[in-house]
Amino acid sequence: DSYGHGTGDQLIRGVAAGLDVLIPQGAVLARIGGDEFAIAFLSDGENAAALQLAEQILDFLVEPLEIGRRVVVVGASIGIAMSPAGTIGREELVRRSDLAMYKAKEAGRARMTLYDPSMDADREQRNALELDLRMAIESGDLTLAYQPLIDAASYAPTGVEALVRWNRPGHGPISPEVFIPIAETSGLIESLGLFVLRKACETAKQWPELNVSVNVSPGQFRNPAFADYVRYVLKQTEVEAGRITLEITEGYMIQNPQRTRQSIERLKALGVKVALDDFGSGFSSIGYLRQFGFDRIKIDRSLVMGVNEDKRQREMLQATVALARSLDIPVTAEGIETEEQAIAMRLFGCDCLQGYLFGKPMTADLITEMLHA
Ligand code: C2E
Ligand code: CA
Ligand code: CA
Ligand code: CA
């Protein structure tokens with residue numbers, strides 16, 4: 001949304017509020033929006049100069065800022081492109097720095113990335129994948145797999161978690177770890193999420209004895225109308241709200257505690273349950289969690305794996321479960337692969353277990369078979 005041209009030792013103000021940086025001769029610094037910056041060198045750019053400029057911006061933006069009564073740490077994503085001996089045109093340079101910026105953004109906060117040609121191939125592949133995903137959602141080519149959730153005392157199935165599956169034509173199955181983030185950034189997550197929710201609710205009717213968990217992305221949860229969607233789907237599919245659990249991860253929650261609390265309240269008013277997914281993989285603080293009113297906490301697989309590891313990992317795991325339990329919220333352990341893990345998690349106080357030991361994600365028909373076995 002704003003940019004500055006370097007004319008040697010000129011000091012540019014206003015590229016970002018309060019940001020004073022020296023833009024070297026022959027460089028363009030553009031603020032693409034928010035925390036996104038691109039640096040293009042129109043003439044013989046020197047790596048050193050570009051990196052120095054990027055570092056100045058990062059230094060400035062990564063400082064904690066006081067905004068009103070809140071202290072926030074903003075990040076910045078910076079893409080850099082060079083034109084060796086001025087061989088690359090201005091438009092192409094801007095395109096390259098923009099592309100590099102997106103790579104920096106993907107890598108996380110406060111990153112700078114130098115353009116390299118492999119980024120073009122990546123981008124093309126990604127665009128193709130996005131197009132195929134859009135078609136798959138539109139034509140209903142996604143499917144759901146269901147993984148059993150097991151009562152820790154009786155080892156009887158108490159529920160299932162719905163997990164989306166995509167068999168991409170000509171490519172085979174693509175992991176949701178790959179296509180969910182793409183759906184998130186390309187505006188497809190809402191229609192994907194709606195498909196999953198509707199399908200899971202429809203299928204839930206086949207299993208009156210089971211609770212059905214559905215994963216919800218931040219991109220869905222962020223929508224103020226999300227609770228309305230959920231109400232609509234519940235009504236349409238005539239499923240009992242109390243049998244549906246929505247699983248959300250903590251990332252969004254930490255950035256928007258206020259709105260998260262409101263959304264959870266609205267969902268719970270509909271009668272659905274809300275679970276915190278992947279607990280222990282991020283930054284959850286306990287005092288913080290209490291106020292959200294989660295019905296269940298799921299301990300992340302990465303921690304559960306630690307039970308077979310050294311003493312420190314085991315203690316970490318035990319402390320995390322204790323933390324969750326101190327809130328008086330039931331706790332599920334996910335990713336259980338061995339009997340040893342199951343016994344330990346049960347001992348630590350998990351009332352529900354999930355993992356390959358009890359069943360991999362499977363078709364709805366196999367779940368039905370399992371129930372009648
Ligand atoms: P998640 O919600 O944490 O789901 C659990 C993941 O762990 C699933 O991977 C499941 O297959 C896998 N898993 C379960 N037990 C075991 C085990 O014992 N060992 C190992 N190695 N893995 C186990 P999956 O289906 O590939 O899904 C990955 C992630 O993608 C999910 O993590 C979730 O974040 C996301 N996802 C999947 N389906 C959906 C969906 O319908 N909507 C949204 N928004 N996200 C989804
Ligand atoms: Ca989950
Ligand atoms: Ca999880
Ligand atoms: Ca996970």
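What follows draws every value from the coordinates through simple rules; no lab data is involved. Just so you know, these numbers come straight off a predicted model, no measurement behind them. For neighbour counting, all protein chains shown are included, and Cβ atoms are generated from backbone atoms with ideal geometry for every residue, glycine included.
Taking θ = phi - 60°, what integer Hz values does the Karplus form 6.51 cos²θ - 1.76 cosθ + 1.60 yield along the stretch 251-267, in sequence order, with x for Gly and Pro?
So the Karplus estimates, Gly and Pro as x, are x, 5, 4, 6, 6, 10, x, 4, 5, 4, 4, 4, 4, 4, 4, 5, 5 Hz.
Among 135, 196, 115, whose Cα sits farthest toward the positive end of the charge dipole of the stretch 112-234 (+1 at Cβ of Lys/Arg, -1 at Cβ of Asp/Glu, about the Cα centre)?
The residue sitting farthest along the positive end of the dipole is 196.
Setting aside same-chain residues fewer than 8 positions from residue 235, which lysines have a Cα under 24 Å from its Cα?
199, 205, 268, 273
Residue by residue through the stretch 211-224, which ³J(HN,Hα) values in whole Hz follow from phi under the Karplus form 6.51 cos²θ - 1.76 cosθ + 1.60 (θ = phi - 60°), with glycine and proline marked x?
These are the phi-based 3J(HN,Hα) values: 8, 10, 9, 10, 7, 10, 7, x, x, 7, 5, 5, 5, x Hz.
What residues qualify as long-range amide H neighbours of residue 149, i.e. H under 5 Å apart, gap of 5 or more or another chain, H built at 1.01 Å from N?
The list, which skips near neighbours in sequence, is 158, 159, 160, 161.
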